[in-house]
Every structure is written in structure tokens, then in C-alpha cells.
Amino acid sequence: MKFDRDRDHHLPTGVLGLALTPDGSRAYAACADGAIYEVSMEDGRNVALDGRHDSFASGCVLLPDGKTLISGGYDGRLLWHDLETRRCWRRVVAHRFWNWQLALSPDGRRLATVTGQYLPGGWKYEPAAEDEPSVKVFDASSGDRLAAFSHVPPVTSCAFSPNGQHLAAANMLGEIRVWDRDADPGGAPIKSWTSPDFTSWGSIKTHHYCGGIYGLAFAPDGTSLIGCGMGPMTDPMAGNGKMTWQRWDWRKGERLGQIRDGQHGSGLMEALAWHPKGDHFVMAGRQAQGTWNVALFAATDGNLVCSTDTKQRVTQARFSTDGSVLVLSGATGQPQPKEGVWPAWGRLQRFRLSTDPHGSNGSASTG
């Protein structure tokens, strides 16, 4: 397998969230200017939907009907968008703080959203207790809140199981919790565990916890859960922790595998996506040191199959339904205006996945 990049589209501002139509022909990008852009993946033409967030738009999900998009933002709101008219027709206050990530149940009926601010709760800078439930679930049709669960803030990622029965959420300290859909809508998780490999205490320059699990994804068969993020580091300000993933038997909280030594660099991994066939998964993010910031791994043994450096910070990864197309969203940095004009620094990149005729392992291709 290898990556062949065939499209590289620019957007006005950095892209934090991404939704993709099943065939991969259109993308919806949640951007730093608060807008949601509809983008043709063939020619890059884009148009902003009418409804905007008052701060960064952090995520978006496309409902199965193909007519409705829900977005979340740093304003703590959820916005419902009619894609035929491009108008926003519902606004719901979900959190008092930022929405970090959204997850849609496979049947499109439930929407999970996570939040939480890191405030020191003691002299060891352990996070202060949440002032609102950090994990909430909403009815995607009515907008009604269905459940609210406690976690240790900030909660940075969430994912539904393939059958929609379970919801997992993880935080900056590497703590993972899993809830059952049919349990008490404000109750305790059915399983929880902690991986110290996703966080660290800064010992120089600044003293606080850093790292976290920024992406979660259940395997297509529902038996395991993968998390990605950044591992321990000496200097949190440098953002040079280990680019890492781990896989767990979530019913037991036991680790099944992790990234192999020598197959990673340094940086923050934010994006996870399973190939529809379930035989591979992709991880991507921001590279501080190393040779790649997006890589495909084999599900059987966790070995790196192919990788590439996209020259951008990757925030989300989505496969088309047939698995032939991978779309990545991200940003190229924090530019400065030139003569009063801001350069376009958001990115959407499309990759075709193909079989490597040379059968090489760990190869990279940018097309």
C-alpha cells in the first residue's frame, strides 16, 4: 500500500474539523474563522455556509440523510445546518467552555461532544474538577440532551462503537472511560483505565501536564479501541513528545499493542481513522521531528505499512466508504498578513490508496 496525493486545496483559515460525503466527492471543513466550508474535492471550489460560530469551529459531522450537518465550536455551541439552503436553523448551547471534539453514532441518531478547561486544582497542578459534565450526548434530530457524563477535564476525544451501544472518551492525562448507551444517562462508566504513555509533567521552562489522547477510534468489529496523541517529554513548550498510538481490549482495559520503536518521530498525533475493510488504520498529526506526519498501519500486527510528510499540521482524517480515498484536513502554520491580506492557510488534501508494485514496507509517496 502507498499514498498518492492527487489534490491539495487551500482554504482561507486553518481547518480543525472535517466531514466527508460517502463517495469522497465533497468535504465540509470546520475552520478557525468560525465558518463551515463546503468544498468540492475535485476542483477545490468552496463556499461558506451561512451559520458561523463566534469562535473557532472545532468539528462537524454529516448526518446519514446527506442534508444536515452539525458543527461544534469554541463558543460552546452546536449548530445545525441545512445543506440545501446552506442556512443554520438551530443553535444549542452545549458547554460553558470549548467543544474539543464531536462524534456521531453510526446510525446518525446521537451526537457526543466533549469539553473541559485545564485549570490547576492543587500545588501539583493536577486538573481541577469539572464545573459541568465534560461528556454530553444529544439527539441529532431534536437537539435534546440525552445524557451527561463526568470525566477529568479537559476531555479531548470521543468515539462511538460500531453498533452505537458504547461511547468512549479520553483526556489529557491518558484516562479513558467507556459508557453504555442503556445505562443511567448520568451514571458511572462501565470501564475505565489510564495509560501514562500519553501524558507527562514538564520539568523545564513551564510546569504543567501536557500531552493527551486526541483521537479515539473503535475497530470496525468493535472488539478493540485505538487512541493516539503525544507521549512523555521533557519540555512541554517544545511539543516534542513521542508520536504514539495504543490499542486496547476496551472491555478489559488491557493494552493489545502500540507503535513500534523506530517507527515514530516526535510531535502531536490528532487524527485516527480505520480503513473500511478493517485491515488498516491511519494516524496523523503534527510533526516536530521525524520523517512523516501521516502513516498507515496494519491491523494484524501494528506494523507501519507506508507513510508521508504532508508539510502541514493534520487535524482530521476521513476515508471514503469504499476505502479508495483518504482526505486529510489541517493547516500550514500561523501566518502573518501581507499588506493587510491574510494568506490562505487551511488545507484539504486528497490521497488515493494504491498497492505498491515493489511491495516495499514503510514507503512514502506524495504524488
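Bear in mind that the values in this text are calculations on the coordinates, not laboratory data. Everything quoted here is computed from the prediction, not taken from an experiment. When we count neighbours, we look across all protein chains shown, and the Cβ atoms used for this are built from the backbone with ideal geometry, even at glycine.
Report, by chain and number, residues whose modeled amide H sits under 5 Å from the one on Gly73, excluding near sequence neighbours (fewer than 5 apart, same chain).
The answer is Ser58, Asn99.
Using square roots of five times the C-alpha gyration tensor eigenvalues, list the equivalent-ellipsoid semi-axes of the stretch 78-211 in whole Å, biggest first.
Its equivalent ellipsoid spans semi-axes of 29, 18, 13 Å.
Over what distance in Å are the Cα centres of the stretch 3-34 and the stretch 66-93 separated?
17 Å
List, in order, the whole-Hz ³J(HN,Hα) value for each residue of the stretch 55-68 obtained from phi through the Karplus relation with A = 6.51, B = -1.76, C = 1.60 and θ = phi - 60°; use x for Gly and Pro.
Calculated HN-Hα couplings, in order: 9, 3, 8, 9, x, 7, 9, 9, 6, x, 6, x, 10, 10 Hz.
Which of Arg313, Arg96, Arg350 moves most in a GNM of the chain, Cα contacts under 10 Å?
It is Arg96.
Output ³J(HN,Hα) for the stretch 76-91: one whole-Hz value per residue in order, computed from phi by the Karplus curve 6.51 cos²θ - 1.76 cosθ + 1.60 with θ = phi - 60°, and x for Gly and Pro.
Working through the residues one at a time gives x, 9, 10, 10, 9, 10, 8, 6, 6, 9, 6, 9, 8, 10, 8, 10 Hz.
Could you list which residues have their amide H under 5 Å from that of Val155, counting only those 5 or more apart in sequence or on another chain, with H placed in the peptide plane?
Thr115, Gly116
What is the set of long-range amide H partners of Gly24 at a cut-off below 5 Å, with H atoms built 1.01 Å from backbone N?
Under 5 Å from the amide H of Gly24 lie the amide H atoms of Thr321, each far enough along the sequence or on another chain.
Please report how many Lys pairs in the chain have alpha carbons closer than 29 angstrom, counting only residues at least 8 apart along the chain or sitting on separate chains.
Final tally of qualifying lysine pairs is 22.
Just to be sure I understand the model, the point goes 7 Å from the Cα along the line to the Cβ. What's the resulting Asp139 to Asp322 distance in nm?
My value for the distance between the label points is 3.8 nm.
Using just the alpha carbons, could you tell me how many Å³ per residue the convex hull of the chain encloses?
Dividing the Cα hull volume of the chain by its residues yields 137 Å³.
Give the relative contact order (percent, whole number) for the chain; include only Cα pairs under 8 Å separated by 6+ residues.
The normalised contact order for the chain reaches 15 percent.
Can you order the peptides 315-322, 224-231, 266-273 by their average number of other Cβ atoms within 10 Å per residue, highest first?
224-231, 266-273, 315-322
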